[in-house]
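Notes follow once the structure below has been shown.
The values are calculated or read from the model by the stated rules, or taken from the named source; none is laboratory data. Keep in mind the model is a prediction, meaning the values are calculated, not measured. Heads up, the Cβs are rebuilt from the backbone with ideal geometry, glycines too, and the neighbour counts pull from every protein chain shown. The area values use the complete protein model at the heavy-atom level, side chains included, leaving out ligands, DNA and RNA. Shrake-Rupley method; radii C 1.70, N 1.55, O 1.52, S 1.80 Å.
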Amino acid sequence: MIELLILSIYIFVLAVFVGFELITKVPPLLHTPLMSGTNAISGITLVGSLISAGAGDSWVSAILGTLAVIFATINVVGGFLVTDRMLEMFKKDRKRD
């Protein structure tokens, strides 16, 4: 059990490092569309967190799964709100046409 936890923490730290390095290399012009797409893809995280919360293995996994559901939902909804706001910025004003 401890080895699995250490491996999970190791993978998490590597993912944070790689994600930070990738995001800092993206030009600012492409940052918003990339983040919006990434947030939409994180719907997969929501499915995984629902599975983890409902597995019923232990109370720790249920609590962590519930927290993951909350944060994944915030991430998905925020991503769609950012995308909607970004798309509104590119719409032409109909009064001028």
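The value of relative contact order for the chain, using C-alpha pairs under 8 Å at least six residues apart, is 27 percent. 3J(HN,Hα) along region 52-63: 5, 5, x, 5, x, 5, 8, 6, 5, 5, 5, 5 Hz, from the Karplus curve 6.51 cos²θ - 1.76 cosθ + 1.60 with θ = phi - 60°, whole Hz, x for Gly and Pro.
Considering only Leu46, Ala62, Leu87, the residue lying farthest towards the positive end of the dipole of region 36-97 is Leu87, judged by Cα position with unit charges set on Cβ.
With the cut-off at 1.5 for a/c, could you classify the chain from its C-alpha gyration tensor as rounded, prolate or oblate? It is oblate, given that a/c is not under 1.5 and a/b is not larger than b/c.
3J(HN,Hα) couplings calculated from phi for region 68-81 with the Karplus curve 6.51 cos²θ - 1.76 cosθ + 1.60 (θ = phi - 60°) are, in sequence order, 5, 4, 4, 5, 5, 5, 4, 5, 5, 5, x, x, 5, 5 Hz; Gly and Pro show x. Roughly to the nearest percent, how much of the accessible area of region 13-94 is carbon and sulfur, given a 1.4 Å probe? Exposed carbon and sulfur together represent 76 percent of the surface. Charge dipole of the chain (Cα centre as origin; +1 on each Lys and Arg Cβ, -1 on each Asp and Glu Cβ, all else neutral): 620 debye, rounded to the nearest 20. Taking Leu67, Leu22, Leu46 as the candidate residues, the one with maximal mean-square fluctuation in a Gaussian network model of the chain, Cα springs under 10 Å, is Leu22. Springs join every pair of Cα atoms under 10 Å in this Gaussian network model of the chain, and among Val26, Val69, Val77 the largest mean-square fluctuation is at Val26.
In the context of the full set of protein chains, residues of the chain present 84 Å² of accessible surface per residue (probe radius 1.4 Å, heavy atoms only).
Taking 0.36 nm per residue of separation and subtracting the Cα-Cα distance, full extension of the segment from Phe71 to Ile23 would add 15.3 nm. Fully extending the segment from Leu14 to Arg85 would add 22.4 nm, taking 0.36 nm per residue of separation and subtracting the current Cα-Cα distance.
Build a GNM of the chain with springs between Cα atoms under 10 Å apart, and of Phe20, Phe12, Phe80 the one that fluctuates most is Phe12. Over the chain, dividing the summed -39,500 (n - 2.57) contributions of all DSSP H runs of at least 4 residues by the number of residues returns a 222 nm mean residue ellipticity of -29000 deg cm²/dmol.
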